[in-house]
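Remarks on the structure that follows.
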Amino acid sequence: MDQRTRRISSVAGVALAAVVALGGCSSETDSGSEEKSTASGSPAADEKKPDSDASASAPASAADRSTAEGAVAAWVTAVIKQQPEEACLVMAEPAKGSTPAKVGSAQTCGDDAPDRKQIDATVKQLGESFTPEPPSADPKVEVAKAPATGDTVEFPADKITVDGQTLEKIVLSHSTGVTADQLDIKVQSSRIEDSWYVTNLDFDIG
């Protein structure tokens, strides 16, 4: 099969772009016992943990941008809970050359944002692929710690879990004709002005 790549770039002006709609195979993937960052809608998840703890917590409505893991966890939670504005607010586009970085804001993510319809449609499609069975009203999203390359960290889908299932397994369960060895999903997070944002999502099928 020829490799097909779709990239979702998070930007302040064009928050989300094209999505690969995966429509039924499943694959068992062990997420391991790495330290993880959790995002959920519960008030308890908003409590910050000591610096000695490698994990961080935040509900999607008050995303913890102090770590890459916290930003990714909050973003995945918002996508699953169908909260497009919250997902957009934790996204950003890094600076490129003389173009300054752009981060999600009320102007670019709110109900009246120029790209809000596109954001809504993309989050809806992603939410369908990211939601485990059975679905939960308050999904627990955990992101295993990953090494940073400068101000950028990439998280493979098998290092992100939703209610105990890896994101890789969940996406495969909603797909047709795609096997685990053909699917490569990575969520990228970047540090911008001392805060972390989701800056890219790669869906590779090959």
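Return the Cα extents of region 136-206 along principal axes one, two and three, sorted largest first, each rounded to a whole Å.
Principal-axis extents of the Cα atoms in region 136-206, largest first: 41, 32, 16 Å.
Would you please put 70-81, 98-109, 158-169 in order of how densely packed they are, using the mean number of other Cβ atoms within 10 angstrom per residue and starting with the highest?
The densest-packed peptide leads the list: 70-81, 158-169, 98-109.
Determine the alpha carbon to alpha carbon distance for each of Lys96/Lys117; Lys124/Lys169; Lys145/Lys169 and list only those over 21 Å.
Violating the 21 Å Cα-Cα cut-off are Lys96/Lys117.
Calculate one ³J(HN,Hα) per residue across region 124-132 by plugging θ = phi - 60° into the Karplus curve 6.51 cos²θ - 1.76 cosθ + 1.60, and present them in order as whole Hz with x for glycine and proline.
Along region 124-132, the couplings run 4, 5, 5, x, 5, 7, 8, 8, x Hz.
In bins 10 Å wide, starting from 0, what share of all Cα pairs of region 69-206 does each bin hold, as a percent?
12, 42, 35, 10, 0
Which whole-angstrom value gives the distance between the alpha carbon centres of region 146-178 and region 95-145?
So the separation of the two Cα centres works out to 16 Å.
With every protein chain kept in place and ligands, DNA and RNA left out, what is the accessible area per residue of region 56-206? Probe 1.4 Å, answer in Å².
Averaged over the residues of region 56-206, the accessible area is 41 Å².
How large, in percent, is the carbon and sulfur part of the accessible surface of region 111-158 at a probe radius of 1.4 Å?
Solvent-exposed carbon and sulfur of region 111-158 make up 50 percent of the total.
The values are calculated or read from the model by the stated rules, or taken from the named source; none is laboratory data. Not measured: the values here are computed from a predicted model. Ideal geometry is used to build each Cβ from the backbone, glycine not excepted, and the neighbour counts take in all protein chains shown. Surface areas here come from the heavy atoms of the whole protein model, side chains and all, with no ligands, DNA or RNA. Shrake-Rupley method; radii C 1.70, N 1.55, O 1.52, S 1.80 Å.
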